[in-house]
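Peer 1: One structure, pasted below without further comment.
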Amino acid sequence: MSHRIALILMAAGDSTRFCASANIPLKKQWLRVGDIPLWQKVAQDLSEIYPFCQIFITASESDFLYMQTISPFCVIKGGNTRAQSLRNALRFVEADFVLVSDVARWDIDKAVCERLFACLDNPDFACAVPFVSVPDTTFYQGAYLVREDIKLIQTPQLSHTQTLKQALDSKDFSDESSAMHTLGKRIDFVQGSAKLSKLTLGEDLHNSNLLPPSKESFCASGFDVHAFEEGKPMVLGGIEIASPIGFKAHSDGDVVLHALSDAILGGMCAGDIGQWFPDTSEEFKGADSKKLLTHIYTYTRSVGFEVRYVDITIMAQIPKITPYKQRIQESIAALLELPKARVSIKATTTESLGFIGRKEGVAVSATATLGYIQWDSILR
C-alpha cells in the first residue's frame, strides 16, 4: 500500500451514558487495558494494520493536557461535538486520505480495514464505510421497513481529506459518510463486523475480551511549605486550627492538602498543583483547598485511577498537631472516600532547628499510593 493516510481517533467524549449505566466515574476511553488506557490501545491496534503517516487523538478540554503528557501520539483538543472535534483534527492532516475511528469501537477488525483500503483503487473515491445489516424485523412510524434496505454504519471510515473538510464546513454530522452524502459524493459500502459494535453502556463489557487492568500500584510523594502570616485563619487537612496566625498563601494555605494533592498528581504523572491551580489566577485567590483536592480526586477517578493509601507527615514547631490528628485523618478520609485505616497522619518538630524551629512556618510531606480501578470486577 503506497497511499498516504492519516489516522484520527475520536476520544473526546464525556462518556455520560457509560458512566451512568456502570455507576462508576470512569470514562470509557480511560478504561485501563493492562497498563494503558483504551484510547491508546485502539490507536496502537490501528497503527499495526497500516503505516499511517500521521496519527491524531482528539481529547476533551479537561483531558487535553494530561493526554499530551502521557500519549505517544499527537493529541488535539476536541470541541463540544464529534464533528467539531473532527474539524479541529483535520486542520493538521496533511495526508491525501484520512481514516477516522471512534475509541468506542475498540475491537479493531483488520479485514474490515483492508476492505476500506481496497476502495482507494476506485478512480472517483470519496468515502468508504463499513456496515452491518439489520437482523430484526423493523417498525418505524406506523410501518414495517424492508430491513434488507437498511444499513447500520460503523467506523472506522476512510475519506478523501480535502473533500471531507469541505463536507464538514456546512454543519455538524454524526459521521463522515453523512457529511459526504450532502455533497452528493459516492459512498462505498463494505461489509462491517460485529466486532465493531460500540461500547456505549457498562453492560457492553460483559462479554468483551478486553484484557483486565494491571494490578500494579504507583507510589508518589508531595511536599509543600507555607510561611505564617498574622490575621489569617489556619487550616490544616481541611480542619480549622485554633491559632492567632494563618498561612501566607494565594489560596487558604492548607499546606497538608497541597502536599497531598501533589502526591496524588505525581502518582498519575499529571503535573503538580501549581499547574492545575496557578497562583497567578484570581480564580483561585482564597480558594478552599478541600475543593481543589476534590477536583483532583474526581479527575483521578475519571481517568482510571483510585487512591488506595496516603501517609502524611506534618512538620511544625507550632501549632501543636496532636490534638487535631484524628480530625485531620477523618477529614482526608472523607475527601478521598477511604477508610481511616488507609489515612496515616504523623507529626513532628524539627527540634527548634531551621525555619520551622524558628516558628516561621509549616512543612508537610505526603505520600500517596494509587492503582487502576479494577473495572473488570465491577462491570463483568
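Peer 1: How large is ³J(HN,Hα) for each residue in segment 213-221, as worked out from phi by the Karplus curve 6.51 cos²θ - 1.76 cosθ + 1.60 (θ = phi - 60°), to whole Hz, x for Gly and Pro?
Peer 2: x, 4, 8, 5, 10, 10, 10, 9, 10
Peer 1: Stick to Cα atoms and the Kirkwood definition of Rh, then tell me Rg/Rh for the chain.
Peer 2: With Rg and the Kirkwood Rh in hand, the quotient comes to 1.10.
Peer 1: Add +1 for every Lys or Arg and -1 for every Asp or Glu among the other residues with Cβ under 11 Å from the Cβ of T200, and state the total.
Peer 2: +1
Peer 1: What FRET efficiency comes out for D45 versus S352 if R0 is 51 angstrom and r is the Cβ-Cβ distance? Round to the nearest 0.05.
Peer 2: According to the calculation, E is roughly 0.25.
Peer 1: Fewest first, what order do V235, V132 take by the number of other Cβ atoms within 10 Å?
Peer 2: V132, V235
Peer 1: With Cβ to Cβ distances under 12 Å as the rule, what net charge do the other residues near K232 carry (K, R +1; D, E -1)?
Peer 2: -4
Peer 1: Take every Cα pair under 8 Å in the chain that's 6+ residues apart, average their separations, divide by the length, and report that relative contact order as a whole percent.
Peer 2: For the chain, the relative contact order is 17 percent.
Peer 1: Please go through segment 144-246 and write out the trypsin sites (Lys or Arg not before Pro) that DSSP classes as loop and that have at most 15 other C-beta atoms within 10 Å.
Peer 2: Counting only loop positions with at most 15 other Cβ atoms within 10 Å, the trypsin sites (Lys or Arg not before Pro) in segment 144-246 are K171, R186, K198, K215.
Peer 1: Rounded, prolate or oblate, given the Cα gyration tensor of segment 242-351, with a/c below 1.5 counting as rounded?
Peer 2: It comes out oblate by the Cα gyration axes.
Peer 1: Picking from F97, F64, N80, whose Cα lies most toward the positive end of the charge dipole for segment 45-99 (charges on Cβ: Lys, Arg +1; Asp, Glu -1)?
Peer 2: Result: N80.
Peer 1: Now a separate question. What does the charge count near G267 come to, summing +1 for each Lys or Arg and -1 for each Asp or Glu among other residues with Cβ under 13 Å from its Cβ?
Peer 2: -3
Peer 1: Grab the DSSP H runs of the chain that are 4 residues or longer, score each as -39,500 (n - 2.57), total them, divide by all residues and round the 222 nm result to the nearest 500 deg cm²/dmol.
Peer 2: The helix-only estimate for the chain comes to -7500 deg cm²/dmol at 222 nm.
Peer 1: Using a 10 Å cut-off around each Cβ, can you sort E176, E330, E114, E148 from fewest to most neighbouring Cβ atoms?
Peer 2: Going from sparsest to densest Cβ surroundings: E148, E114, E330, E176.
Peer 1: Note down the nm distance, to one decimal, between modelled labels 7 Å out along Cα→Cβ at C53 and at K320.
Peer 2: 7.4 nm
Values in this text are rule-based calculations from the coordinates and carry no lab data. Since the model is a prediction, treat every value here as computed from it, not as a measurement. Note that each Cβ is placed from the backbone with ideal geometry, even for glycine, and that neighbours are counted across all protein chains shown.
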